[in-house]
Structure formats: C-alpha cells, structure tokens
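Working notes for the structure below.
The values are calculated or read from the model by the stated rules, or taken from the named source; none is laboratory data. Just so you know, these numbers come straight off a predicted model, no measurement behind them. Please note: Cβ atoms are built from the backbone with ideal geometry, for glycine as well, and neighbour counts cover all protein chains shown.
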C-alpha cells in the first residue's frame with residue numbers, strides 16, 4: 001500500500017540474526033572456511049540485532065542515529081583491545097588456539113577486525129539492557145569524591161609497576177586500572193564520570209554499565225566455547241570451576257572492564273557515554289551536562 005511507512009528496523013534485524021546464526025552455526029559445526037571468521041560474523045550479527053531492537057524500542061540507536069561516530073567507535077575499539085593484547089604478551093593470561101593456519105599479516109588484519117567489535121558490542125548490549133530494565137539509583141555511595149579520585153589515579157599508576165614486577169599476583173589489576181585512571185582524571189577535570197554519578201546519588205546507569213559488561217562477557221565466552229579458532233585462559237590462583245572456557249571468578253573482571261570501556265568512550269568522544277538515563281549511549285553528539293566539581 002502506498003503511503004504506509006515500513007519499519008526500518010526489520011531489515012537490519014533480519015540481517016543481524018542471519019549473520020549471528022550463520023557465524024555460530026558454522027562455528028559449532030566447524031564449517032570451513034566460514035568457521036575461521038565466526039567471531040566477526042557472530043559479533044557483527046549481535047551488534048546489528050541489538051541495535052535494531054534498541055531502534056524499535058527507543059526510536060533511535062547508535063548505528064542509526066550517529067553512524068559517523070559509530071564508525072569511529074569501531075576504529076577506537078580495535079586500538080583499545082590491542083592495548084590489552086600487548087599487555088597480555090607479558091601477563092600470558094590467554095592464548096589463541098587454531099590461528100596457526102593464518103600468516104602473520106592475515107592474522108593481524110583478522111584480529112583487528114575482531115577487536116573492532118569489542119566496544120560496539122558493549123555499547124549495544126548496554127543500550128538493549130537499558131531498553132528492557134531500569135536499575136534504581138541507590139543513595140550516594142561516595143562522600144568525598146575529590147579525595148577518592150586522587151587515590152584512584154595514584155593506585156592506577158602504581159598498578160603499572162605491580163603488573164610488570166608481579167604479573168602472576170597482580171594480573172587482575174589490568175581490568176581495574178584503566179577505569180580508575182580514566183574515571184579519576186575525568187572527575188578531577190569536571191567531566192562526566194562514574195565517580196561523580198556515585199557521589200551524586202545517580203549510580204543506576206553506572207551499575208547498568210557494569211551489568212551489561214557481565215552480560216556481554218557471558219556471550220563472549222558462550223560463543224567462544226568449542227569454536228575453532230578460540231581463546232583459552234591461564235589464570236593464576238583462581239583457575240577452577242570453569243564456565244565455558246572462563247574460570248567462574250574470572251567473570252568478575254567483566255564488571256570493571258565494562259566501566260573502563262565506557263570511560264574510554266567518554267574520554268575520546270566527550271559525551272556521557274553510558275552514564276545517561278535514556279537508553280542510547282551518548283557518543284558526544286550533544287553537549288553534555290557538566291559533572292560535579294572535584295572537592
């Protein structure tokens with residue numbers, strides 16, 4: 001019928017679900033050569049699927065409302081995760097299995113495209129979760145945020161030394177230190193920060209960002225399980241009670257990791273990131289409300 005406006009989210013949802021099913025199905029059944037690219041297919045499909053559902057629920061989404069900034073988000077994501085890969089050369093907490101069929105150049109290119117999905121996946125999972133539930137704000141959780149911010153920055157800087165000297169003992173700090181450093185600096189500079197939200201009694205979005213990181217982590221580990229290629233963990237002291245490939249206690253690392261990822265997005269794009277009441281992550285397209293000043 002002419003004049004009938006068709007929903008624009010349906011084609012995107014169909015493409016996303018198709019990619020997701022194709023990537024996961026070929027991964028589980030080891031259908032080559034598609035199985036070698038399962039990560040890009042699965043996570044590209046999830047990002048499109050989640051974004052389409054957010055568009056349906058909220059009327060806007062990151063990919064559809066800010067496509068240029070979303071493209072930069074993929075680029076930022078690749079560099080963001082490569083930093084963790086470089087640190088892991090010293091920590092040796094995870095290894096990739098089944099990647100020996102690729103040459104060095106092909107592997108770097110393939111890895112980069114995979115790493116480019118990390119931040120968008122966290123963003124889209126957070127936005128979808130925000131469309132479906134709301135975490136109530138508890139009372140203010142930080143009474144002296146200025147002092148806390150300074151301690152956060154100092155501890156994060158000391159962590160770099162600890163990771164270098166005592167990698168087996170301090171390995172978990174690699175997930176915590178980036179958040180402490182970036183969020184502490186953001187608060188001290190009067191910019192949006194998780195610390196400022198906690199001090200102002202607006203911790204709901206902060207908790208939701210952390211929860212979405214855990215949800216995304218479960219999906220990462222689920223789709224990695226039995227895949228070829230895949231990654232495996234060597235986690236000192238807590239390498240027990242594995243759920244998929246990840247030790248159970250290792251899932252706790254996804255909580256600060258999601259906060260660190262959101263802090264990176266806020267640092268680069270200048271917006272409020274996931275620290276918003278609405279469902280869609282702010283990539284800095286609009287001027288943000290100043291954060292509480294340090295004291």
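Summary table
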quantity: Only one of 68, 12 that is touching a helix residue (DSSP H, G or I) at 6+ places or on another chain (Cβ under 9 Å) and part of a helix (DSSP H, G or I); calculated: 12
quantity: Where residue 40 falls short, out of the listed (1) in contact (Cβ under 8 Å) with a residue 60 or more places away in the chain; (2) under 21 Å from residue 216 (Cβ atoms); (3) in contact with a helix residue (DSSP H, G or I) (Cβ under 6 Å, 6 or more places away or on another chain); (4) surrounded by 17 or more Cβ atoms within 10 Å (Cβ to Cβ); calculated: (4)
quantity: Count of residues meeting criterion [under 23 Å from residue 195 (Cβ atoms), surrounded by 17 or more Cβ atoms within 10 Å (Cβ to Cβ) and more than 18 Å from the chain's Cα centre (by Cα)] in region 239-288; calculated: 1
quantity: Filter result for the condition that a residue is outside any helix (DSSP H, G or I), touching a strand residue (DSSP E or B) at 6+ places or on another chain (Cβ under 9 Å) and modelled with pLDDT under 85, over 291, 240; calculated: 240
quantity: Residue count for region 71-86, restricted to those that are under 19 Å from residue 230 (Cα atoms) and either surrounded by 12 or more Cβ atoms within 10 Å (Cβ to Cβ) or in contact with a helix residue (DSSP H, G or I) (Cβ under 6 Å, 6 or more places away or on another chain) (or both); calculated: 5
quantity: Members of region 213-229 found to be within 20 Å of the chain's Cα centre (by Cα) and farther than 25 Å from residue 170 by Cα, listed by number; calculated: 219, 222, 223, 224, 225
quantity: Single residue of 27, 65, 35, 61 found to be crowded, with 16+ Cβ neighbours inside 10 Å and in contact with a strand residue (DSSP E or B) (Cβ under 9 Å, 6 or more places away or on another chain); calculated: 27
quantity: Those helices (runs of 4 or more DSSP H) lying entirely in region 137-211 with at least 1 residues surrounded by fewer than 15 Cβ atoms within 10 Å (Cβ to Cβ); calculated: 145-165, 167-170
